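Below: one structure, written as structure tokens.
The numbers here are math on the coordinates, done by the rules we state, and not lab data. Source: prediction; values computed, not measured. As a convention, Cβ positions derive from the backbone with ideal geometry for all residues, glycine included, and neighbour counts pool all protein chains shown.
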């Protein structure tokens with residue numbers, strides 16, 4: 001016993017400390033080698049995502065454009081209209097804001113922001129701002145004189161809500177909810193309820209695509225794993241061929257095949273299965289999205305399955321047969337469980353890729369086959385409501401993380417095998 | 001079950017994988033009930049192929065295989081009811097030991113209570129009573145091996161095939177497992193067909209050994225017969241250690257053959273498979289059947305030999321002589337007080353009996 005402690009403690013320095021000292025240089029060098037990647041990840045991954053998360057809750061417009069008013073309006077209890085003092089500060093701030101040309105601090109920005117909440121109020125702000133300089137006390141009266149929409153308490157409530165820097169409003173919008181005129185959270189109008197149903201559709205389509213991929217990839221991977229090397233290499237090239245072709249080329253090829261005047265319809269009409277005016281619509285809808293995405297994502301299912309199946313010794317099946325199991329029973333009870341790590345990895349990979357896929361649904365999805373990523377792209381590129389886009393993106397990210405967590409709970413991430 | 005029929009019969013069985021080379025050329029073998037038959041041979045000699053044909057994993061290219069008198073060429077493997085132990089155990093890694101053992105019983109729709117009872121009995125049989133809930137990966141190689149054996153026996157097959165089951169174990173464990181398998185064979189009255197390339201293993205365990213080479217059975221006999229009276233030079237070489245002297249037959253005299261070795265010495269040997277004068281022959285001599293400084297007239301063959309090397313082996317001293325033109329003539333000299341006279345570089349007389357010297361094919 002005492003000799004062991006002696007070895008552990010030498011000159012009062014513990015073994016752990018000595019070990020750490022001996023390996024310190026190696027550890028530092030290893031850390032240094034990873035630095036380029038770490039920096040790259042921080043710049044290209046962590047920072048943009050952090051910025052997206054921040055933008056999805058950040059709401060600086062009101063406090064930027066009319067800063068004094070943003071503070072003053074918080075005194076108002078929300079009943080009727082704000083007091084005259086608040087109106088006075090609002091007009092003063094508006095006069096200052098009119099001169100401001102800095103991006104994000106113009107009256108136009110303010111108008112756009114309130115317009116999200118109360119449609120049709122954009123011109124109200126811009127036109128009033130032009131006249132603000134000439135307005136005289138009492139400001140409440142003179143403002144209403146310029147435009148009687150200023151009498152609407154909902155407008156002031158909206159201004160009060162948006163005067164805070166952090167808002168859940170974009171998340172509410174992303175989940176088909178909104179503030180009503182009294183400031184309660186209610187369902188959005190029927191016409192604007194598009195996000196939740198799209199999320200559900202995206203998850204459904206991704207699940208269908210994943211399921212089709214499993215059904216198609218499993219036998220292929222099995223054959224690949226048992227064939228002699230020469231043949232399996234040749235087959236593997238066919239599996240990988242989609243990887244070496246541009247995504248755009250592959251997707252447009254599907255347009256040529258599936259469109260109403262396309263190859264499949266032509267053949268069916270030629271063979272007399274369809275009449276010339278009864279051609280089937282197979283693209284610019286969900287069918288098109290599913291077909292093209294299964295084609296693109298199939299290798300991501302085949303490869304992990306193949307890599308796992310390759311390691312399964314054929315003696316397991318032989319052993320099961322020798323013990324009296326039929327081939328189907330042995331496949332189900334012995335082979336399938338052994339392939340679970342690859343199946344899990346492929347499923348996770350394909351599903352997560354499908355749920356965030358953009359180009360293919362945009363090209364062949366039509367109206368019906370659009371996924372949530374296409375809506376996010378719309379808000380980033382067209383409507384320029386980046387905050388709403390960021391909120392939608394964050395929800396998508398959280399959904400994927402939850403799935404990942406569930407997967408880890410059920411199958412265990414250690415069992416994943418990507419190849 | 002008719003007891004007159006052999007349990008297993010191979011009849012003119014041939015096997016080719018590519019249609020060009022016969023891996024098994026003409027295999028004939030009967031295995032009686034309760035026998036322990038080992039197929040021994042260098043790798044690539046076709047022994048595992050024969051086992052796989054019997055188990056049903058490889059179809060025979062030609063010939064018939066009978067089990068209990070019935071041809072089984074067209075019976076799928078799961079209907080043959082043959083137990084099998086594989087080289088790397090093939091224990092299902094996703095099941096516990098108990099689940100592995102229960103697998104053949106589940107397949108046979110045996111009820112849960114009986115299943116559990118038989119699993120427990122099997123675990124006790126291989127002395128792994130407390131290991132039922134472990135996974136195969138948590139067991140040592142020897143324990144995995146015992147589970148694999150128990151699994152192949154749990155559904156009471158008449159016949160168990162073992163394909164180099166001890167190949168992955170270290171030497172001590174291998175020897176211990178050899179005895180365990182031998183005892184199971186005896187106590188359960190099993191019929192075992194065993195494949196190995198390890199001749200010691202084959203000699204220890206088997207009732208009969210079929211020595212394979214180049215797709216042909218060279219000899220199938222009991223271990224002692226194989227060792228004492230090999231049919232040809234390949235068997236003599238493959239089983240045990242063996243000194244070889246090349247020569248030509250000078251005269252044949254009943255059971256004996258007089259051979260003139262290439263060095264010009266005359267040796268009287270037992271005739272095995274030489275038939276005519278002038279034939280080339282290999283004389284086979286076991287290293288433990290050589291006498292050092294034999295008394296006069298005790299051995300018909302006595303020669304002067306030069307001691308080339310002494311290698312200490314504890315219980316015996318391996319001595320390399322140069323005799324009758326062979327520089328690598330090995331003699332195992334017991335480590336006793338009488339044999340201290342051997343000194344490297346000195347000449348000494350050595351001799352052997354004619355019945356210990358076999359004249360085999362050249």
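Look at the stretch A:325-336: the mean tally of other chain Cβ atoms within 10 Å of its residues' Cβ atoms is 3.
For segment B:7-61, the extents of the C-alpha atoms along the principal axes are 37, 21, 19 Å, listed from largest to smallest.
Using just the helices of chain B, give the 222 nm mean residue ellipticity in deg cm²/dmol: DSSP H runs with n ≥ 4 each add -39,500 (n - 2.57), and the total is spread over all residues, rounded to 500. Spell out each step's value before the answer.
Details: 8 runs with 84 residues, N = 362.
The per-residue figure over chain B is -7000 deg cm²/dmol.
Using a cutoff of 8 angstrom between alpha carbon atoms and counting only pairs six or more residues apart, the relative contact order for segment B:241-361 works out to 32 percent.
When the convex hull of the C-alpha atoms of segment B:41-166 is computed, what volume per residue in Å³ does it have? Present the calculation step by step, with values, prior to reporting the outcome.
On the way: hull volume 15.6 nm³, N = 126.
Measuring per residue, one finds 124 Å³ for the Cα hull of segment B:41-166.
Between residue A:10 and residue B:179, the modelled labels are 4.5 nm apart [label points 7 Å from Cα along Cα→Cβ]. Measuring max minus min along each principal axis, the C-alpha atoms of segment B:8-233 give extents of 51, 39, 30 Å (largest first). When the alpha-carbon atoms of segment B:188-279 are used, the pair Rg, Dmax equals 16.1, 56 angstrom. Take the Cα of residue A:38, step 7 Å toward its Cβ, do the same at residue A:112, and the gap between the two points is 3.9 nm.
The ranking of B:124, B:130, A:11 by Cβ neighbour count inside 10 Å, starting from the fewest, reads A:11, B:130, B:124.
Taken over the alpha carbons of segment B:189-228 as equal point scatterers, the Debye sum produces base-10 log I(q)/I(0) values at 0.14, 0.22, 0.24 Å⁻¹ of -0.29, -0.71, -0.84. Across peptide A:311-318, how many C-beta atoms of other chains are within 10 Å of each residue C-beta, on average? Across A:311-318, the average partner-chain Cβ count within 10 Å equals 4.
Counting beta carbons within 10 Å around each of A:189, A:93 and listing the fewest first gives the order A:189, A:93.
Residues A:398, B:31, A:62, arranged from fewest to most other Cβ atoms within 10 angstrom of their Cβ, appear as A:398, B:31, A:62. In units of the rule-of-thumb radius 2.2 N^0.38 Å, segment A:2-57 shows an alpha carbon radius of gyration of 2.06. Across segment A:195-415, the volume of the C-alpha convex hull divided among the residues equals 165 Å³ per residue. With angles folded into 0 to 90 degrees, how steeply does helix A:107-117 sit against the dominant principal axis of chain A? Use alpha carbons for both and round to 10. Orientation of helix A:107-117: about 60 degrees from the principal axis. Rounded to whole Å, give me the distance from the Cα center of segment B:1-61 to that of segment A:275-302. Here the two parts' Cα centres lie 54 Å apart. Contact order, relative form, for chain A: 16 percent (alpha carbon pairs under 8 Å, 6 or more residues apart, mean separation divided by residue count).
Kirkwood hydrodynamic radius of segment A:135-180 from all distinct Cα pairs, in Å? That comes to 12.5 Å for segment A:135-180. The spacing between segment A:74-109 and segment B:288-362, judged by their C-alpha centroids, is 118 Å.
Entry note: chain A has Rg to Rh equal to 1.14, where both radii use alpha-carbon atoms and Rh is the Kirkwood radius. Each semi-axis of the equivalent ellipsoid for segment A:53-146 is √(5λ) with λ an eigenvalue of the Cα gyration tensor; in descending order they amount to 21, 16, 13 Å.
Please give the length that would be gained between residue B:251 and residue B:344 if that part of the chain were fully extended, namely 0.36 nm times their separation in residues minus their C-alpha to C-alpha distance (nm, one decimal). Mind showing how you got there, number by number?
On the way: separation 93, 0.36 × 93 = 33.48 nm, distance 3.56 nm.
In short, 29.9 nm is gained.
Pop the C-beta distance of residue A:386 and residue A:181 into the FRET formula with R0 = 30 Å and round what comes out to the nearest 0.05. Calculated transfer efficiency: 0.70. The length gained on full extension between residue A:164 and residue A:311, counted as 0.36 nm times the residue separation minus their Cα-Cα distance, comes to 47.1 nm. Put simply, the C-alpha atoms of segment A:174-310 give a gyration tensor, and the ellipsoid matching it has half-axes of 38, 25, 12 Å, longest first.
Only beta bridges with both residues in chain B are counted; by DSSP, about 75 percent of them are antiparallel.
Looking at segment B:119-263, the DSSP beta bridges with both ends there are about 70 percent antiparallel. For the residues of B:77-86, the average number of beta carbons from a partner chain within 10 Å of their own beta carbon is 5.
Kindly give the semi-axes, whole Å and largest first, of the ellipsoid equivalent to segment B:7-99, taking each as the square root of 5 times a Cα gyration tensor eigenvalue. Semi-axes, largest first: 24, 17, 14 Å. Label positions at residue A:85 and residue B:337, each projected 7 Å from the Cα along the C-beta direction, are separated by 12.6 nm.
Across segment A:61-165, C-alpha contacts under 8 Å between residues 6 or more apart give a mean separation that, scaled by the residue count, equals a relative contact order of 36 percent. Computed over the protein assembly as shown, the convex hull of the alpha-carbon atoms projects to a mean area of 60.9 nm².
Computed from the C-beta positions of residue B:33 and residue A:214, the FRET efficiency with R₀ = 51 Å rounds to 0.55.
Values of log10 I(q)/I(0) for segment A:98-165 across q = 0.18, 0.20, 0.21, 0.24 Å⁻¹ run -0.71, -0.88, -0.97, -1.20, by the Debye formula with one identical scatterer at each alpha carbon and no solvent.
For segment B:251-362, the alpha carbon convex hull comes to 101 Å³ per residue, rounded to a whole number. Centre-to-centre, using Cα atoms only, segment B:223-274 and segment B:111-164 are separated by 47 Å. The antiparallel fraction among DSSP beta bridges confined to the protein assembly as shown stands at about 80%.
Provide the FRET efficiency to the nearest 0.05 for the residue A:47-residue B:168 pair, computing r from the beta carbons and using R0 = 45 Å.
Working: r = 53 Å, r/R0 = 1.18.
E(calc), rounded to 0.05, equals 0.25.
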